[in-house]
1. From the square roots a ≥ b ≥ c of the eigenvalues of the alpha-carbon gyration tensor of region 163-230, which class results: rounded (a/c under 1.5), prolate (a/b over b/c), or oblate?
2. Sum up the charges of everything whose Cβ sits under 12 Å from the Cβ of residue 192, counting Lys and Arg as +1 and Asp and Glu as -1, but leave residue 192 out.
3. For a quick check: sort 182, 140 by the number of other beta carbons within 10 angstrom, fewest at the front.
4. Please work out which option in (1) 60, 42, 40; (2) 59, 55, 52; (3) 78, 40, 39 gives Cα extents along the principal axes in Å calculated from these coordinates, and answer with its label.
5. Pick out which of 155, 271, 44 has the largest mean-square fluctuation in a Gaussian network model of the chain, springs linking Cα atoms closer than 10 Å.
6. Going by alpha carbons, how many degrees (0 to 90, nearest 10) lie between the helix axis of 232-243 and the longest principal axis of the chain?
7. Taking the Cβ of residue 121 as the center, what net charge do the other residues with Cβ under 10 Å away carry, scoring Lys and Arg +1 and Asp and Glu -1?
8. Connecting C-alpha atoms closer than 10 Å in a GNM of the chain, tell me which of 214, 266, 66 has the biggest fluctuation.
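We did not get these values from a lab; they are worked out from the coordinates using the rules stated. Owing to the predicted nature of the structure, the values given are computational and were not obtained by experimental measurement. Virtual Cβ from ideal backbone geometry, glycine too; neighbours counted across all protein chains shown.
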Amino acid sequence: MSILVCLVSQQAMANVIPALELRPEKVVLLTTSREMGTAENIKKVLNESGIDTEIFHDLISPYNLDKIKLIIRKLFDEYKNDMILNVTGGTKTMAISAFEIFKENNKPVIYYDPDHHSIMSLTNNSEPEKVKNKLDIKSYLKSYGYEIYEEGTTKGRAESKEKFFAGFDETRFIEFSLFLDYIRKNYQLNEPRINRSLTGFTFTKNFDVIRIIDDKSKESLQYDLSTFAFGDWLEDYFYLKLKKENYDDVKYAVKFKTNGIENEIDVLASKDCKLFLYSCKSGKSEQKDLMQIDILRKLAGGIFGKAFFLSTSNLGEGSIQRAKILNVNLLTGVDIFNYGSQSRQVGD
């Protein structure tokens, strides 16, 4: 294959995935003026992946059939090589117009099926081909214009807790959650000394040194006061859990930005070129937290992203209904602990 022609829309993955899988000699992006930014993001990712990519010089109309066909014919005049059309992106009008002209010229047309993670031909009877390419989180976010500027994954914070969490069963997970919640509600970290045991765990503070001890396994965690945060444990625990699953990439405490606007997400994972966003709350959760994870999913994942909200506290009926409206998946209490056995179906 020489040239892959792609119709650009907000869903960058619609073009990034087929291009990375098929690896043509060149990719030509047809875009509207409105989606020029998306086209630039796609071009950057594909060029960095070693695929020569350019944006066609004539902008396309999103809804005018005649104008769209005019641009497609210009494309045929300019590129004499073999071409294949990807109709996954763009508006329906763009896709129909381009499909008609490519079919008239006996050129192949493909479509990426996100539900089955496969590429199908729309011009012959061949079987859909499963996508084998893996996409890391950095490239995924870059496709939507985001750059990672800081992440906990490079600092080893979660990894230092691996032995401490290793002996947790469902009961110990709940007991630890209740224990830390009790300490947070009943003690102030500006107190010089704290020594409290509950549910088989002990929390001690001696001026600037904090220790958390599992009285059963004798494993312990030690912090400097300046680096301690009650909420970090759930984020770290869940990251370590996902690392044991069959994901393509997993990161935590990820900070990313675009055009000076900064965002942060607790845990990110990628699987089958989909992005999974996890917001972890070990204290009181509010509906605004649900709104935040939904906004991030739309910004950095679109229809190829799935949002999950983790809470060690029981959520009220209002939050549950809000999550349904926002299409945010909820994990609470023991569901968080048991998620490992379910996550194999997450990408289905």
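1. prolate
2. Local net charge: 0.
3. Ranked by crowding around the Cβ, least crowded first: 182, 140.
4. Recomputing Cα extents along the principal axes in Å here gives the entry labelled (3).
5. Sorting by GNM fluctuation, first place goes to 155.
6. Approximately 50 degrees, to the nearest ten.
7. Here the count lands on -2.
8. Highest fluctuation of the listed residues: 66.
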